[in-house]
Every structure is written in structure tokens, then in C-alpha cells.
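Trainee: Encoded as C-alpha cells, here's the structure I'll be asking about.
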Amino acid sequence: MPIALNFEGLHQSLGEQSADIIFLCFGMNEAFKGEKGLPQFKKDLNIFIKALQSKKYNGKSAPVLVLVSPIAHETLGGHFPTPDEHNRNLERYTETMRKTAVQQGLSFIDLYAPSKAYMQKAPQNPITINGIHLTAKGYKETAQMMASQLGFTAKTLAIDLNADASGKLRSVIKMKDDHFFYRWRAVNGEYIYGRRREPFGIVSFPPEMAKLDQMVTSLDSVIWALGKGKGGDAY
């Protein structure tokens, strides 16, 4: 995707967010290049890791990086492709990410193996819409897989995601994500930081963007309060 005019890119965005922890999710698309694409994938991954580690987005220290493997390609039958070859490549790319994490001293989350096991265990209950993109249920299941590998306790993993408190927390998280998206991926950036930003854009949009930042920060505080069982009002 082309980078917007006057937008410096990833490092600018991470700096604006004072990023402390960054989850790096790769491998699904790259695996379509097969085994021959592995050397370039490994090279690019290491270059990207070093670029992130060279920055101090929070102003104090380099970010903590967590490599996250792709999920397995689910067998859905019908008009969907047979995923056997893609899964063999996904396994190869996952292993490359695992070895890279070890070499770089990073945390690693393997979603390929547990997702494949889940798919084989319950083929009648698919967790993707097309084999590779997760459904709402799929996101819940993979979130549990990630939490487990991150060392969350059994008590945390046993939280009822369908409970009223969980539903409220999820709705506020969605609200925060929406406002962050409005800020980070504006509907028409051409009028905000592009060629049509003058004369009125440079007057009206900076305070509006600042307002969105304030809303995201406020919603984040509500999320933490709800997560700790302290209630909170998103409105």
C-alpha cells in the first residue's frame, strides 16, 4: 500500500504511540512463495527486527519484540483450495521465525501448530471464513493460544468471554480501535496531510487529530479500569 504524502511511515507512527511492546505477525502471505522464498524472508525479517531495535519509541529503551507465526491453512472443502502445500510451507516459515526468535533473543508465539491441531479436532466448526482469515470464534480461539504461550494463568485463560463484563470490555476495546483507526488511517488523508491540506486543513485538522488522540487515551484508561474489575464509563 502506498505511503501517504508527508507521512514518514512506520517509525513515525510507533514513535507517536510510544510503543513499548510490538507483536510482529508474519508468514501467511510470505509462505505462498514456497521454500524458495525462505532465504529472502529470513533476511528481510532480520533487517526489520534490527531496524525496530535501533529505535527508542518510548524515549527510554528499545521495544520488546514478539514474533507471532501464522495460523494453519484450514481445510474447508467445496470451492476452496486444498491447503496441503501451503501448510507445508507455513510450517517451514513458522520454524524459520522460531529459529530467528531464538537467535535474536525474542519471545515467540507459535500459532501454526495449535491452530492446526484445533482444526483437525473440530473440522465441523471452522474458525476461518476462507481458510486463512479468522472468524470471531477463530479470534477467540487464537487469543487463548497466544495468552497461554505468553504465560497467562489458568484463571485468566478461564475468563468467560461471553459474560456481560467481557462484552462491555470488548465493546470499549472496539471503540478505542475505531478511533485509533480514524487517526492512523484517515478516510481522506489528502485533506489532512496531503496536497489539499492548505489552506483550511492546516487550521482545522491538527486540533481534530489531537482530539482523536485524547479520545484514544481516555478509552485506554477505561479499558484498564474494566480489565481490573473497577468498572468505568466509556462515555
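The values are calculated or read from the model by the stated rules, or taken from the named source; none is laboratory data. Since the structure is predicted, the reported quantities are computational estimates derived from the model, not experimental observations. Virtual Cβ from ideal backbone geometry, glycine too; neighbours counted across all protein chains shown. Ligands, DNA and RNA are stripped out before the accessible areas are found, and what is left, the full protein with its side chains, is counted by its heavy atoms. Shrake-Rupley method; radii C 1.70, N 1.55, O 1.52, S 1.80 Å.
Trainee: A 27 angstrom limit on the alpha carbon distance is what I want to check against. Which of Lys137/Lys228; Lys33/Lys176; Lys137/Lys168; Lys42/Lys121; Lys174/Lys211 exceed it? Don't jump to the answer; show the numbers that get you there.
Mentor: On the way: Lys137/Lys228 24 Å; Lys33/Lys176 35 Å; Lys137/Lys168 17 Å; Lys42/Lys121 32 Å; Lys174/Lys211 18 Å.
Beyond 27 Å: Lys33/Lys176; Lys42/Lys121.
Trainee: Grab the other residues whose beta carbon is less than 10 angstrom from that of Ser18, score K and R as +1, D and E as -1, and report the net.
Mentor: 0
Trainee: Now a separate question. Kirkwood Rh over alpha-carbon pairs of the chain, then Stokes-Einstein at 20 °C and 1.002 mPa s: what D in µm² s⁻¹, rounded to an integer?
Mentor: Diffusion coefficient, whole number: 105 µm²/s.
Trainee: Can you give the helix-only mean residue ellipticity at 222 nm for the chain, where every DSSP H stretch with n ≥ 4 adds -39500 (n - 2.57) and the sum goes over all residues, rounded to the nearest 500 deg cm²/dmol?
Mentor: Taking each H run of at least 4 residues, the total per residue is -16500 deg cm²/dmol.
Trainee: Give me the percent of DSSP beta bridges within the chain that run antiparallel, rounded to the nearest 5.
Mentor: 10
Trainee: Which length gain, in nm to one decimal place, applies between Arg98 and Ala158 when the Cα-Cα distance is subtracted from 0.36 nm times their residue separation?
Mentor: That works out to 18.9 nm of additional length.
Trainee: Right, next: Using θ = phi - 60° and the Karplus relation 6.51 cos²θ - 1.76 cosθ + 1.60, list the HN-Hα couplings for the stretch 12-24 in order, rounded to whole Hz, with x at every Gly or Pro.
Mentor: For the stretch 12-24, the Karplus curve yields 5, 5, 5, x, 5, 8, 6, 4, 9, 10, 10, 8, 9 Hz.
Trainee: Please list, ordered by chain and number, the residues whose modelled amide H lies under 5 Å from the amide H of Cys25; skip anything fewer than 5 residues away on the same chain.
Mentor: Those lying under 5 Å, H to H, from Cys25 are Val68.
Trainee: For Lys43, list the aspartates and glutamates whose Cα falls under 15 Å from its own Cα; do not include residues on the same chain fewer than 8 positions away.
Mentor: Glu30, Glu35, Glu95
Trainee: I want to check the label-to-label distance for Phe200 and Thr217. Put each point 7 Å from Cα in the C-beta direction and report it in nm to one decimal.
Mentor: 2.8
Trainee: Apply the Karplus parameterisation 6.51 cos²θ - 1.76 cosθ + 1.60, with θ equal to phi minus 60°, to every residue of the stretch 89-103 and state each ³J(HN,Hα) to the nearest whole Hz, in sequence, with x for glycine and proline.
Mentor: 6, 4, 5, 5, 5, 4, 5, 5, 5, 4, 5, 5, 4, 5, 5
Trainee: Once the Cα atoms of helix 136-149 and of the chain are each reduced to a long axis, what angle between those two axes, in degrees from 0 to 90 to the nearest 10, is obtained?
Mentor: Roughly 80 degrees, rounded to the nearest 10.
Trainee: Here's a follow-up. Summarise the accessible area of the chain (1.4 Å probe, protein heavy atoms) by the percent that is carbon and sulfur.
Mentor: C and S atoms contribute 57 percent here.
Trainee: Restricting things to alpha carbons, tell me how big the stretch 137-235 is in terms of Rg and Dmax, in Å.
Mentor: Here Rg and the maximum Cα pair distance are 17.9, 56 Å.
Trainee: Can you pull out the trypsin sites (Lys or Arg not before Pro) in the stretch 79-179 that DSSP calls coil and that have at most 12 other Cβ atoms within 10 Å?
Mentor: none
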